[in-house]
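See below for the structure under consideration.
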Amino acid sequence: MITPVHLSSTFAQDGVGGLRGGYEYSRSANPTRTALQECLAALEGGRHGIAFGSGMGASDVLLRVLLKPGDHVVIPHDAYGGTFRLVDKVLARWGVEYTPVDLGDVGALRAALRPTTRAVWCETPTNPLLGIADIAAVADVARTARARLVVDNTFASPYLQQPLALGADVVLHSTTKYVGGHSDVVGGALVTGDDELAEELRFTQNATGSVPGPFDAWLTLRGAKTLAVRMERHSDNAERVAEMLAGHPAVARVYYPGLAQHPGHEVAAKQMRRFGGMVSFTVAGGREAALKVCAATRLFTLAESLGGVESLIEHPAAMTHASVTGSALEVPGDLVRLSVGIEDVEDLVDDLRQALAQL
Ligand SMILES: *Cc1c(COP(=O)(O)O)cnc(C)c1O
């Protein structure tokens, strides 16, 4: 029933050049990793899944394959901070150019395209502002520009949204988040239906080395088994939390695509099964009040990351998004981000109410 953890760095060979079962060395391939890769490919409806040592490891390999010096990439104007840092601080040194764009606005995307644009990097919902991009519409624009469309599907998970079916070329995950689901393993993944691209990605991964160990692959596989039930519960709980916050006098604005007043609500309802477990909000009292709320919760733990079964709270401007301070991607100082877990929802709502009452 259960995939073994194949703790072997190397594999006995039948003769020189004669591989037993196709495995020789665990940077190149490992049976536990193969099982995870097949699972991830099936979840996203792609032919090829490639598991990485982290989401950033996956992003790095993907961008190295898609771009060369002089090429241009469009990134979301509120991209995940680590993705922005990789493009702005690492790839820019190698002559890669980028433009941050609000991908909720297809006209803005068209205007940002250049003859050298080789990739459009899309996140939906975005982190931390929960912006929504219409994946099918963005895919149309990317296709006419002959640029590859990457969708970072970390926030939605493959249970809630399947970008390949909507026209994306590659899906990226930080499996650290919902796919793993238990805050006990760091990992990443790429899934594609393009045979040639998959071959290039595998080659570059093997050449650069960002692979998950077998136990990490095993933990991620174990987490993936409960993805569907967890995502249903995350969505139930987040909907209730978002509604409570939207009616609370100390809260200025709630960012949750499940709310009818969210500008991306209709697109989200069209391309997502449900709206997921991430909720952000601004507080009426500004930055100081936001920091106070983050310090006052008892059930929501103050921590970075997201997507685990336990609820987390954080202040993006000072924590997860500190690396975009002073850039076009800077996030509001009065913003609080919640990763709503699967605990009893009444306990979660009570905890937020008592924290907001301290303002
Ligand atoms: C966490 C995250 C990443 C990076 O993944 P790591 O596993 O931390 O390397 C990329 N994109 C999004 C949306 C994330 O939340």
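Worth a mention:
- Counting protein heavy atoms only, the chain has 52 percent of its accessible area on carbon and sulfur, 1.4 angstrom probe.
- Between Glu288 and Glu97, the FRET efficiency from the beta-carbon distance, with R0 = 45 Å, is close to 0.75.
- Solvent-accessible surface (1.4 angstrom probe) belonging to Met272, in square angstrom, nearest 10: 10
- With all protein chains in place and ligands, DNA and RNA left out, the 1.4 Å accessible area ranks Ile342, Ile313 as Ile342, Ile313, largest first.
- Potential lengthening between Glu346 and Val106 on full extension [0.36 nm per residue; Cα-Cα distance subtracted]: 82.5 nm
- Heavy atoms of Glu199 accessible to a 1.4 Å probe, total area in Å² rounded to 10: 110
- Sorted largest first by accessible area at a 1.4 angstrom probe radius, with every protein chain in place, the residues Trp94, Trp121 fall in the order Trp94, Trp121.
- Excluding ligands, DNA and RNA, the accessible surface per residue across the chain is 41 Å² with a 1.4 Å probe.
- Total formal charge among the other residues, if their Cβ is under 15 angstrom from that of Ala147, Lys/Arg +1 and Asp/Glu -1: +2
- For Met56, the accessible area of its heavy atoms, probed at 1.4 Å with every protein chain present, is near 60 square angstrom.
- Gain on full stretching of the segment that runs from Glu38 to Val229 - 0.36 nm per residue minus C-alpha separation: 66.7 nm
- On the beta carbon distance between His182 and Tyr25, with R0 = 22 Å, the FRET formula returns roughly 0.15.
- Rounded FRET efficiency, nearest 0.05, which uses the C-beta distance separating Val16 from Gln358 and R0 of 56 Å: 0.20
- Value of [θ]222 nm, deg cm²/dmol, for the chain, DSSP H segments ≥ 4, -39500 (n - 2.57) each, nearest 500: -10500 deg cm²/dmol
- Note on region 46-62 and region 217-288: Cα centroid distance 25 Å, given to the nearest whole angstrom.
- Take the Cα of Ser8, step 7 Å toward its Cβ, do the same at Ser323, and the gap between the two points is 3.7 nm.
- Eligible lysines near Lys89 by straight Cα distance, threshold 26 Å, same-chain separation 8 or greater: Lys68, Lys177
- Between region 69-134 and region 151-201, the Cα center-to-center distance that results, in Å: 17
- Most tightly packed first, judged by the mean number of other beta-carbon atoms within 10 Å of their residues, the peptides 135-144, 15-24 read 135-144, 15-24.
- Residues whose placed amide H lies under 5 Å from that of Val101, excluding near-sequence neighbours: Ile75, His77
- Sequence of Tyr256, Tyr25 when ordered by accessible area, the most exposed leading, probe 1.4 angstrom: Tyr25, Tyr256
The values are calculated or read from the model by the stated rules, or taken from the named source; none is laboratory data. As the structure is a computational prediction, the values presented were derived from the model and not from experiment. Quick reminder, even Gly has a Cβ in these numbers, built from the backbone with ideal geometry, and neighbours come from all protein chains shown. Note: areas computed on protein heavy atoms with side chains; ligands, DNA, RNA excluded. Shrake-Rupley method; radii C 1.70, N 1.55, O 1.52, S 1.80 Å.
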